[in-house]
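Okay, so here's the structure we're looking at.
The values are calculated or read from the model by the stated rules, or taken from the named source; none is laboratory data. This is a predicted model, so every value here is computed, not measured. Every residue, glycine among them, receives a Cβ derived from its backbone with ideal geometry; neighbour counts consider all protein chains shown. Heavy atoms of the whole protein, side chains included, go into the accessibility calculation; ligands, DNA and RNA do not. Shrake-Rupley method; radii C 1.70, N 1.55, O 1.52, S 1.80 Å.
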Amino acid sequence: SAHGQWRLRIIELFFTFIVLILVTLLFWRGPGVDNSKVSYLDLHAAMCKEYSPAYPSANGPGCSSVCQTDPSRKVLTSSYALTFKNATHKWPLDFLHNMHLAGNMLKKYGVLASLDTERESYLHVTFDYYCCYTVEEILKIGEFLDNYHWTPHEIWFDRLVCAIHSPGNMVSIVLMADSKSQSKLLQAALKCEQDLEKHTGIHKHIPHTKLQGFHMTLATVNQSLFPVLPAIDEINKAIPPGTWSSIHPVILHKPVCWKCQTVRKSLHTIKK
């Protein structure tokens, strides 16, 4: 009957409307994101799966496990980083340009928890971490590092990768040094560890071989809301390996343990 046909037609239109809504929701992209590059149909597939060797960073960056509490040793430390920072290094202009370009490209994909190009004094390369030492030990380590003979190193960068440092959804997006730079810096780090023990008697608890490779952090993101892998893939295509500082290499001069200096100044003030 005509009434039955109209009823069937209304049902068909209703289901067509529902399907259109579902398709729109599935294929909608956030503002500024290139629909041809990012798929939100399966955000899980876009998540980082790479765990840092220092995971779960229980006692801070580079310190995988919790420091054992021993009243006789008065362990008060967490993580002391020895870093090459922008405060003591002038990064090449072409390198900074590419870092800013990469940061702006990341913004297209969603909200960032942090972006180091927007706080340039924080652009850094960590040379090593020192975990679970007493104040007395860290003072000796700091003095040794201040007086250590440092040889400048050229560093060339390869590509962006992601790394999970701790439980949860926060992920670091970092620019890795290339294999040649990794090898040279690792040799320098291991020699420094040997010289530290030779001159101070202090053994390095976590050797650099158990840390993530040398890198510069660009950003941190919450990957439950951010498509990490597509974002990294687009940037690595736009800035191929070896072109991050194509005119001049990044030169690493003398790293500084800023926290060591803070402890030393604090104790000096207390003694006064």
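Ordering TRP150, TRP244, TRP156 by accessible area with a probe of 1.4 Å, largest first, what comes out?
TRP156, TRP150, TRP244
If amide H atoms are built 1.01 Å from N in the plane of the peptide, which residues on other chains or at least 5 residues away come under 5 Å of the amide H of TYR51?
Hits under the 5 Å cutoff: ILE164.
Compute the orientation-averaged projected area for segment 104-211 from the convex hull of its Cα atoms and round it to one decimal in nm².
8.8
Gain in length, LEU101 to TYR148, computed as 0.36 nm per residue apart minus the alpha-carbon separation, to one decimal in nm?
Gain on stretching LEU101 to TYR148: 13.3 nm.
Divide, for segment 193-261, the radius of gyration over alpha carbons by 2.2 N^0.38 Å, where N is the residue count.
Scaled against compact globular proteins, the figure is 1.63.
If the chain between LYS180 and LEU229 were fully stretched, how many nm would it gain, using 0.36 nm times the residue separation less the Cα-Cα distance?
Using 0.36 nm per residue and subtracting the Cα-Cα distance, I get 15.1 nm.
With a 1.4 Å probe and every protein chain kept in, tell me what percent of the accessible surface of segment 72-163 is carbon plus sulfur.
Values: 2270 of 4280 Å².
Carbon and sulfur atoms account for 53 percent of the accessible area of segment 72-163.
Can you tell me the FRET efficiency between ALA45 and VAL66 if r is taken as the Cβ-Cβ distance and R0 is 45 Å, rounded to the nearest 0.05?
The pair ALA45/VAL66 has a calculated efficiency of 0.85.
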